[in-house]
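A quick write-up on the structure given underneath.
The values are calculated or read from the model by the stated rules, or taken from the named source; none is laboratory data. Given the structure is predicted, the values throughout are model-derived calculations rather than measurements. Note that we place each Cβ from the backbone using ideal geometry, even for glycine, and neighbour counts take in every protein chain shown. Remember, those area values only see protein heavy atoms, side chains included, never the ligands or the DNA or RNA. Shrake-Rupley method; radii C 1.70, N 1.55, O 1.52, S 1.80 Å.
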Amino acid sequence: MKTHISAACLLITVLLIFSSSIFAQQPIGIFEGQTNIGKAIKPGNAVYIPQTEQYIISGAGYNIWFDHDEFHFVWKKMKGDFILYTRAAFVGAAGIEQHRKIGCMVRKSLDGNAAQINAVIHGDGLTSLQYRKTSGAQTEEVRSTISHADIIQLERRGKIYSMRVAKYGEPYSTVTISDIDLGDEVYIGLFTGSHNPDVMETGVFSDVRITVPYPGKADQSTQMTLGSNLELLDVISGKREIIYSQANSIQAPNWLPDGKTLLFNDSKGLIYTFNLKKRQPVLLNTGSVKANNNDHVISFNGKMLGLSSFVGELGGSIIYTVPIEGGEPKQITPRGPSYLHGWSPDGNHLVFCGERNGNYDIYKIPVNGGPEIRLTDAIGLDDGPEYSPDGKYIYFNSVRSGLMQVWRMKPDGTDQEQLTNDEFNNWFPHISPDGKWIVFLSFLKEDVAPGIHPPYQQVYIRIIPVNGGTPKVLAYVYGGQGSINTPSWSPDSKRIAFISNTDMH
């Protein structure tokens, strides 16, 4: 992992290590405070860098083991269920001890011998879930099957704790422990320990997220009531940035060709534009069409917007088009359900997922309306059609081979070929404007049946070359429905926009 830390930031860290602990109870980023855990240990400290949204935590101490712990902790009090996520790395080569530690932790108290559980990466690469069930008890451990992880996630659901870890770009490896009772209110946070009381070690924590998940198991019928984070993801580095948060549901960001504006819908069926400099949503006039879902697409030339909006008497979702500046939309499909996913590059056709005669298939229709041309006829769901920028292919997802996988075909429906074939359910392929890459959303098959894409799941945003290949994870996300339903690439093919979810009430 590349750590983007300036020399000035490292100097600040060194100076703060030797400062007093008068800032221990002051907020630091999204956390409430920081403290040394243990008695009479070398003072550690932490700084938050708003420009990069990184936490740099330095700590000493003999270890996090046996019947008591010594380390530096950045924490927040929380109740109920939660998910703590970070991308973490040590700063500098290993010191005296190979078992220096960084990770995520949940503690019953700030006492050195408190009951606790932590997802930890050691300096030698060992990755494990460690826990002390009661105050002063011996620490126990379950080791991960992978080593040298840099993605760490620790989730609590009641008395069940799950550690998910990965090397960036790869899927999670999961370890779960049941019957760990730390009480309802706990301290959760990030930590660094040196495994040597005379040595100070430093860790850097990026893309830190605390998620309050949906209570229970969400399915396709779940109302989308959780809050939303609008995020930008750098495709090369994997760096994530939250640019806007809202306590209600917003969904499916599109990127306008000008590179300066996003567009998304909310759970009330309204459409908003979002200027990336001002970072405030502005309601777009869609006339009498105000039951819009998250299947909206901008034409390649940026002049028109396609909408999918519910009309009960016509059978469900109906496709409309409207100038990008807004106005009264024009109805395109005569009946539903019809879910728009793509424009042809020449602007002459729309492609959509439609239910006709009891089966969901992919259809093409002239942009001003007219005969619907059926492009797929496989049994089961075909969805998410999207043209490549050169107009040579339509990419889509299909359940025809068992799990939901990414496919492509010629614009006339011929030469249908499968591009992914793995253990995930892969949805909504989006082709980069330079025509080189495909990003798509992957659900775990253990969590979600092949033909549905519910909200509030552990999902991956993954990428493959446009002609297929081994997928790489770009982002580990709590989301699903509404995260990237429609095209979300930046015009320069360097970033994507997406939605992650958490309860903000």
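Name the residues in the stretch 36-52 that are in a strand (DSSP E or B) and more than 24 Å from Gly112 (Cβ to Cβ), would you?
Result: Tyr48, Ile49.
Name the residues in the stretch 442-470 that are under 17 Å from Leu403 (Cα atoms), touching a Gly at 6+ places or on another chain (Cβ under 9 Å) and not in a strand (DSSP E or B), would you?
Residues satisfying the conditions are Val448, Pro450, Gly451, His453, Pro454.
Asp422 - would you say it is in a strand (DSSP E or B), charged (D, E, K, R), touching a residue at least 24 places away in the same chain (Cβ under 8 Å) and within 18 Å of Ser442 (Cβ to Cβ)?
no
Here is a yes/no grid of residues against (1) farther than 18 Å from Gln481 by Cβ; (2) hydroxyl-bearing (Ser, Thr, Tyr); (3) touching a residue at least 60 places away in the same chain (Cβ under 8 Å); (4) in contact with a strand residue (DSSP E or B) (Cβ under 8 Å, 6 or more places away or on another chain):
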| residue | (1), (2), (3), (4) |
| --- | --- |
| Glu386 | no, no, yes, yes |
| Pro389 | yes, no, yes, yes |
| Lys392 | yes, no, no, no |
| Ser401 | yes, yes, no, yes |
| Gln405 | yes, no, no, yes |
| Arg408 | yes, no, no, yes |
| Asp415 | yes, no, no, yes |
| Pro429 | no, no, no, yes |
| Ser442 | no, yes, no, yes |
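Would you confirm whether any residue within the stretch 6-28 is modelled with pLDDT of 95 or more, open to solvent by less than 40 Å² (accessible area, probe 1.4 Å) and of a type outside the set (Asp, Glu)?
Among the residues of the stretch 6-28, at least one is modelled with pLDDT of 95 or more, open to solvent by less than 40 Å² (accessible area, probe 1.4 Å) and of a type outside the set (Asp, Glu), which makes the answer yes.
Report yes if Phe300 is touching a strand residue (DSSP E or B) at 6+ places or on another chain (Cβ under 7 Å), at pLDDT 95 or above, in a loop (DSSP other than H, G, I, E, B) and of a type in the set (A, V, I, L, M, F, W, C), otherwise no.
yes
Give the residue that is nearest to the chain's Cα centre (by Cα), with candidates limited to residues of the stretch 404-444 that are under 15 Å from Pro465 (Cβ atoms) and among the hydroxyl-bearing types (Ser, Thr, Tyr).
Ser432
From the list Ser144, Ser173, Ser162, exactly one residue is over 22 Å from the mean Cα position of the chain (by Cα) and either open to solvent by 10 Å² or more (accessible area, probe 1.4 Å) or in contact (Cβ under 8 Å) with a residue 40 or more places away in the chain (or both). Which is it?
Going through Ser144, Ser173, Ser162 in turn, the sole match is Ser144.
For the stretch 147-159, enumerate the residues that are in a loop (DSSP other than H, G, I, E, B) and crowded, with 22+ Cβ neighbours inside 10 Å.
Within the stretch 147-159, Ala149 is the sole residue that qualifies.
Are any residues in the stretch 284-319 free of Cβ contacts under 8 Å to residues at least 60 places away in the same chain, charged (D, E, K, R) and closer than 13 Å to Gly269 by Cβ, and if so, which ones?
If the condition is that a residue be free of Cβ contacts under 8 Å to residues at least 60 places away in the same chain, charged (D, E, K, R) and closer than 13 Å to Gly269 by Cβ, then Lys290 is the only one that fits.
Restricting attention to the stretch 55-97, which residues are open to solvent by 10 Å² or more (accessible area, probe 1.4 Å) and among the acidic types (Asp, Glu)?
Across the stretch 55-97, the qualifying residues are Asp67, Glu70, Asp81, Glu97.
Among the residues of the stretch 234-254, is there at least one that is acidic (Asp, Glu), modelled with pLDDT under 95 and open to solvent by 30 Å² or more (accessible area, probe 1.4 Å)?
The answer is no, given that none of the residues of the stretch 234-254 is acidic (Asp, Glu), modelled with pLDDT under 95 and open to solvent by 30 Å² or more (accessible area, probe 1.4 Å).
Residues to consider are Pro171, Pro197; find the one that is farther than 22 Å from Met504 by Cα, assigned to a strand (DSSP E or B) and touching a strand residue (DSSP E or B) at 6+ places or on another chain (Cβ under 9 Å).
Of Pro171, Pro197, the one residue that is farther than 22 Å from Met504 by Cα, assigned to a strand (DSSP E or B) and touching a strand residue (DSSP E or B) at 6+ places or on another chain (Cβ under 9 Å) is Pro197.
Give me the residue from the stretch 240-294 that is basic (Lys, Arg), assigned to a loop (DSSP other than H, G, I, E, B) and touching a Lys or Arg at 6+ places or on another chain (Cβ under 9 Å) and, out of that set, nearest to Ala497 (Cα to Cα).
Lys260
Can you tell me which residue in the stretch 463-474 is farthest from Asp503 (Cα to Cα), limited to those that are out of contact with any Lys or Arg (no Cβ under 6 Å at 6 or more places or on another chain) and open to solvent by 10 Å² or more (accessible area, probe 1.4 Å)?
Per the criteria, the residue is Asn467.
Filter the stretch 475-486 down to residues that are open to solvent by less than 20 Å² (accessible area, probe 1.4 Å), over 9 Å from the mean Cα position of the chain (by Cα) and over 17 Å from Gly238 (Cα atoms), then give me how many there are.
3
Condition check ((1) surrounded by 15 or more Cβ atoms within 10 Å (Cβ to Cβ); (2) more than 17 Å from Leu340 (Cα to Cα); (3) touching a Cys at 6+ places or on another chain (Cβ under 9 Å); (4) not basic (Lys, Arg)) across all residues:
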| position | (1), (2), (3), (4) |
| --- | --- |
| Asp383 | yes, no, yes, yes |
| Ser388 | yes, no, no, yes |
| Asn397 | yes, no, no, yes |
| Ser401 | no, yes, no, yes |
| Met404 | yes, yes, no, yes |
| Met409 | yes, yes, no, yes |
| Thr414 | no, yes, no, yes |
| Asn421 | no, yes, no, yes |
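For Asp346, work out the one condition from (1) open to solvent by less than 30 Å² (accessible area, probe 1.4 Å); (2) closer than 23 Å to Asp390 by Cα; (3) outside any strand (DSSP E or B) it doesn't fulfil.
(1)
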